[in-house]
1. Within the range 32-80, which residues are without any contact (Cβ under 8 Å) to a residue 40 or more places away in the chain and assigned to a helix (DSSP H, G or I)?
2. Considering only residues of the range 46-99 that are in contact with a strand residue (DSSP E or B) (Cβ under 6 Å, 6 or more places away or on another chain) and acidic (Asp, Glu), which is surrounded by the most Cβ atoms within 10 Å (Cβ to Cβ)?
3. For the range 1-25, which residues satisfy the criterion of being in a helix (DSSP H, G or I) and surrounded by 10 or more Cβ atoms within 10 Å (Cβ to Cβ)?
4. If Glu30 passes every condition in (1) closer than 20 Å to Arg90 by Cβ; (2) open to solvent by 30 Å² or more (accessible area, probe 1.4 Å) but one, which one does it miss?
5. The conditions are (1) under 18 Å from Asn12 (Cβ atoms); (2) surrounded by fewer than 19 Cβ atoms within 10 Å (Cβ to Cβ), and Ile35 fails exactly one of them. Which is it?
6. I'm trying to understand the selection: among the residues of the range 75-88, which are out of contact with any Lys or Arg (no Cβ under 8 Å at 6 or more places or on another chain) and more than 18 Å from Val14 (Cβ to Cβ)?
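The values are calculated or read from the model by the stated rules, or taken from the named source; none is laboratory data. What you are looking at is a predicted structure, and each value in this text was computed from that prediction instead of being measured. No Cβ is skipped: glycine too gets one built from the backbone with ideal geometry, and neighbour counts run over all protein chains shown. For the accessible areas, the whole protein counts, side chains as well, though only heavy atoms, and no ligand, DNA or RNA atoms are used. Shrake-Rupley method; radii C 1.70, N 1.55, O 1.52, S 1.80 Å.
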Amino acid sequence: MAVASIPARYVNPVTEAVLNALSDVTDVEEARRRIASVQASTGKRRPAWYREERIADEFAATLVNGAVLAWGQIFANEPWELFYWADADRGTVLWREKL
C-alpha cells in the first residue's frame with residue numbers, strides 16, 4: 001500500500017505519478033507488474049551509481065528524472081518495500097506490502 005506521506009523533498013511529479021499508479025494496489029505481485037511497466041515505458045538504463053546493498057534488494061526501474069525504484073526488505077519475512085532513490089545517498093519508501 002502507498003506510504004501515507006513522504007518527505008516533502010521527494011514530492012515531485014515523478015513520485016506523484018508512481019504513487020498514483022500504486023494507489024489501489026495492496027498485493028506485491030500486482031505492484032511489481034505495474035512498476036515493471038514503468039521500466040518498460042521509460043526504457044532508461046540502470047544508472048551506474050545504483051547498487052544493491054542487501055541480498056533482498058532488487059532494481060525495479062529507472063524513472064524519467066534519473067531516480068531509481070528498487071524493491072527491498074530490511075529483514076527476511078518483513079513486508080516488501082518500494083524505495084525511491086534520488087541518488088546513491090538519498091531516498092524514501094513509496095510503497096509497502098500489506099501483511
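1. Matches in the range 32-80: Arg32, Arg33, Arg34, Ala36, Ser37, Val38, Gln39, Ala40, Ser41, Thr42.
2. Glu81
3. Going residue by residue through the range 1-25, those that are in a helix (DSSP H, G or I) are 8-10, 13-21.
Scanning the range 1-25 gives Tyr10, Val14, Thr15, Glu16, Ala17, Val18, Leu19, Asn20, Ala21.
4. It fails just one condition, (1).
5. The single condition Ile35 does not satisfy is (2).
6. Hits for the range 75-88 are Phe75, Ala76, Asn77, Glu78.
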